[in-house]
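Participant: This is the structure, below, for whatever I ask next.
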Amino acid sequence: MPNPAHRPLTDAVIIGGNRIPFARAGSRYLGASNQDMFTAALDGLVARYGLQGEELGEVVAGAVLKHSRDFNLVRESVLGSALSPTTPAFDLQQACATGIEAFITVANKIQLGQIDSAIAGGVDTVSDAPIAVSDTLRSALLAASYAKTLGQRAKALTRIRPKDLAPANPRTDEPRTGLSMGEHQAITTAKWAISREDQDLIAYNSHHNLANAYNTGFFDDLITPFKGLHRDQNLREDTSLEKLATLKPVFGKTLSTPATMTAGNSTALTDGASTVLVANNEWARERNFTPLARFVDAQTAAVDYVHGREGLLMAPVHAVPRLLERNGLSLQDFDFYEIHEAFAATVLTTLAAWEDENYCRNELGLPHALGAIDRSALNVNGSSLAAGHPFAATGGRILASTAKLLHARAQETGRPARALISVCAAGGVGAVAILESA
């Protein structure tokens with residue numbers, strides 16, 4: 001009698017995706033909450049695929065910045081959407097890798113046969129960021145709430161000083177170093193001697209590739225307008241290398257080397273939400289959906305940036321060789337490379353590390369360098385520098401666009417196509433994944 005625990009794995013395929021345009025912080029989405037934006041992205045996906053009233057296997061997503069009231073953000077968003085209220089959901093958070101980690105989670109469940117369908121995604125707003133009270137004020141208020149007598153309550157509250165009333169704004173500095181992500185990347189940029197010109201070229205390509213994708217209709221079935229916004233607000237179709245060269249550096253100004261990272265070659269703070277519809281082939285076939293790409297494998301890694309052994313955003317550099325080895329692939333065996341543009345320099349230091357013989361031998365334990373990639377296959381429809389980077393929403397944006405790219409390439413060439421996705425994250429963590437045309 002067959003053991004059900006030993007049943008073969010099932011393919012997890014991406015059917016499609018939907019997101020709202022990403023908006024610059026403090027602008028069009030001012031007043032919109034994480035729940036508002038994620039529900040809008042969900043409902044756009046539900047409407048596109050006719051899933052109104054359907055019970056899906058699970059919805060998994062998250063936000064990096066969220067209010068304490070949003071402890072069950074994703075489930076509440078599902079309840080506010082057109083999906084069946086019996087669809088399970090939960091929150092997940094891995095900083096900027098939240099979206100891709102949510103996808104890996106549901107894809108693994110589908111492969112194991114635990115669920116047949118799911119939505120993965122993420123959302124983040126800087127415009128509605130939670131503002132907390134100071135630690136001293138919080139401590140005094142908690143002591144007062146637990147006081148058993150009026151005298152004890154009054155004594156607790158007398159500890160509060162005027163300075164304690166100042167709000168504690170959310171910070172994205174690394175708690176163990178006190179450095180911002182930009183300052184961490186500036187150190188790595190200087191270590192690898194990444195030039196200002198090369199960074200500006202990455203930014204220029206990002207804007208022009210994203211603009212071209214919009215102009216050719218690539219995003220017509222990937223984006224739902226929200227609050228009057230139809231395109232990513234950060235997109236600068238008219239940017240030029242000359243304009244980018246005029247911007248003053250904003251990170252790395254205290255280092256001994258010339259500062260090279262500007263507002264133009266660094267991602268802007270943005271608001272937005274994204275979703276990806278994932279299922280097994282049977283579920284897709286029953287609804288006449290065409291799978292775009294299948295999930296092959298994924299890997300996470302972490303680096304010791306606290307003691308300066310490695311750069312904060314270099315974890316994907318370490319994750320990719322493990323992923324390649326497990327799947328018997330080389331770095332050159334891909335049609336597309338989607339490397340999250342936290343900063344232009346992040347992409348360039350990642351590529352430089354993989355091309356460096358000594359680094360690959362000594363730091364990655366490889367027999368030789370992974371080598372160079374075809375740069376024309378890199379972020380071909382633009383990435384975070386142009387689209388913006390609402391932290392947890394970036395993974396969903398990349399996954400949906402990449403799946404559509406793979407399907408189109410396979411249709412065009414008549415052969416399978418493959419993509420490598422790489423996302424760095426705060427805390428020295430990174431997640432990478434392989435997709436193939438379905």
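Participant: Work out which GluC sites (Glu not before Pro) in the chain are exposed loop sites (DSSP not H, G, I, E or B, at most 15 other Cβ within 10 Å) and give the longest gap free of them.
Facilitator: Here the longest run is 238-438.
Participant: A further question follows. Could you tell me, in Å, what Rg and Dmax come out for the Cα atoms of segment 319-438?
Facilitator: 14.3, 41
Participant: Using the beta-carbon distance between ILE131 and THR413 and R0 = 45 Å, what value does 1/(1 + (r/R0)^6) give for FRET efficiency, to the nearest 0.05? Write down the numbers at each step before the final one.
Facilitator: Values: r = 52 Å, r/R0 = 1.15.
The computed FRET efficiency comes out at 0.30.
Participant: Cross-link partners among lysines for LYS66, C-alpha distance below 27 Å, same-chain residues fewer than 8 apart left out?
Facilitator: Result set, ordered by chain and number: LYS109, LYS163, LYS227.
Participant: Based on the mean of other beta carbon atoms within 10 Å per residue, what is the order of 226-232, 205-211, 267-273, most packed first?
Facilitator: Values: 226-232: 16.4, 205-211: 22.0, 267-273: 27.1.
Top to bottom by mean Cβ count within 10 Å: 267-273, 205-211, 226-232.
Participant: Nearest 5 percent is fine: what portion of the DSSP beta bridges confined to the chain is antiparallel?
Facilitator: Numbers: 40 of 53 bridges.
So the antiparallel bridges in the chain amount to around 75 percent.
Participant: If you roll a 1.4 Å probe over the chain with all protein chains in place, what percent of the accessible area is carbon or sulfur?
Facilitator: Working: 9740 of 18780 Å².
Accessible surface attributable to carbon and sulfur in the chain totals 52 percent.
Participant: Only helices at least 24 Å long along their axis, Cα-based, and averaging -0.5 or more on Kyte-Doolittle count here, so list those DSSP H runs from the chain.
Facilitator: Details: long enough: 196-215 (29 Å, -1.24); 394-413 (28 Å, -0.18).
Both cut-offs are met by 394-413.
Participant: Here's something else I'd like to know. Kindly report the accessible area of the chain per residue (heavy atoms of protein chains, probe 1.4 Å, no ligands, DNA or RNA), in Å². Walk me through the numbers on the way to the answer.
Facilitator: Working: 18780 Å² over 438 residues.
Roughly 43 Å² per residue, with all protein chains present.
Participant: For a quick check of your reading of the filter: which trypsin sites (Lys or Arg not before Pro) in segment 246-345 sit in a DSSP loop and have no more than 15 other Cβ atoms within 10 Å?
Facilitator: LYS253, ARG287, ARG309
Participant: For ARG48 and ALA82, calculate 0.36 nm times their separation in residues minus their Cα-Cα distance, and state this gained length in nm to one decimal. Mind dumping the intermediate values first?
Facilitator: Values: separation 34, 0.36 × 34 = 12.24 nm, distance 1.18 nm.
Contour length minus the Cα-Cα distance gives 11.1 nm.
Participant: Could you quote the convex hull projected area for the chain, Cα atoms only and averaged over all directions, in nm²? List each step's numbers first, then the result.
Facilitator: Details: hull surface 104.4 nm².
Value for the chain: 26.1 nm².
Participant: Hey, another quick one. Mind listing the long-range amide H neighbours of ASP297? Cut-off is under 5 Å, sequence gap 5 or more, other chains count too, H placed in the peptide plane at 1.01 Å from N.
Facilitator: Here ILE434 satisfy the definition.
Participant: Of all DSSP beta bridges in segment 281-438, what percent run antiparallel (nearest 5)?
Facilitator: On the way: 17 of 22 bridges.
Around 75 percent antiparallel, to the nearest 5.
Participant: Got a sec? Charge dipole of the chain, +1 on Cβ for Lys and Arg, -1 for Asp and Glu; which of ALA156, THR300, GLY414 is way out at the positive end?
Facilitator: ALA156
The values are calculated or read from the model by the stated rules, or taken from the named source; none is laboratory data. The structure displayed is predicted, hence computed values, not measured ones. Heads up, the Cβs are rebuilt from the backbone with ideal geometry, glycines too, and the neighbour counts pull from every protein chain shown. Calculation scope for accessible area: heavy atoms of the full protein, side chains included, ligands and nucleic acids excluded. Shrake-Rupley method; radii C 1.70, N 1.55, O 1.52, S 1.80 Å.
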